[in-house]
Amino acid sequence: MTTLLSPEIDTIGEMTERCDRCGAAAKLEVVLTSGGDLAFCGHHANRHRADITRVASRIRLEDGFDWAGR
Ligand SMILES: [Zn+2]
């Protein structure tokens, strides 16, 4: 485990994106270390938390969303 590569996590008030997997309202956005970004609903953000942490340079959480990968 290293903390040096941990993505920066921000909380924002309201998210307008839709989940890239299922189209539900997104609760988490990921800025990828490779460029680009992804959005996930609560269900998919939690299911893919390990992958998200690995590829993220930055993570945005909707205010009040209790992400399991945090
Ligand atoms: Zn989803």
Using amide H atoms built in the peptide plane, which far-off residues or other-chain residues are under 5 Å from LYS27 H to H? PHE40, CYS41, GLY42
Which value in nm describes the separation of the simple spin-label points at THR33 and ASP63, placed 7 Å from the Cα toward the beta carbon? 3.1
Projected label distance in nm at ALA25 and ARG54, using a 7 Å step from Cα toward the beta-carbon: 3.1
Roughly to the nearest percent, how much of the accessible area of the chain is carbon and sulfur, given a 1.4 Å probe? 47
Given the whole protein assembly as supplied and a 1.4 Å probe, what does the accessible area of ASP10 come to in Å², nearest 10? 50
Fraction in percent of alpha-carbon pairs per bin - 10 Å, the chain: 23, 59, 17, 1
With a 1.4 Å probe and all protein chains left in place, how much accessible area per residue does the chain have, in Å²? 65
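The values are calculated or read from the model by the stated rules, or taken from the named source; none is laboratory data. As the structure is a computational prediction, the values presented were derived from the model and not from experiment. Every residue, glycine as well, gets a Cβ built from its backbone with ideal geometry; the counts of neighbours run over all protein chains shown. Side chains included, ligands, DNA and RNA excluded: accessible areas come from the protein's heavy atoms. Shrake-Rupley method; radii C 1.70, N 1.55, O 1.52, S 1.80 Å.
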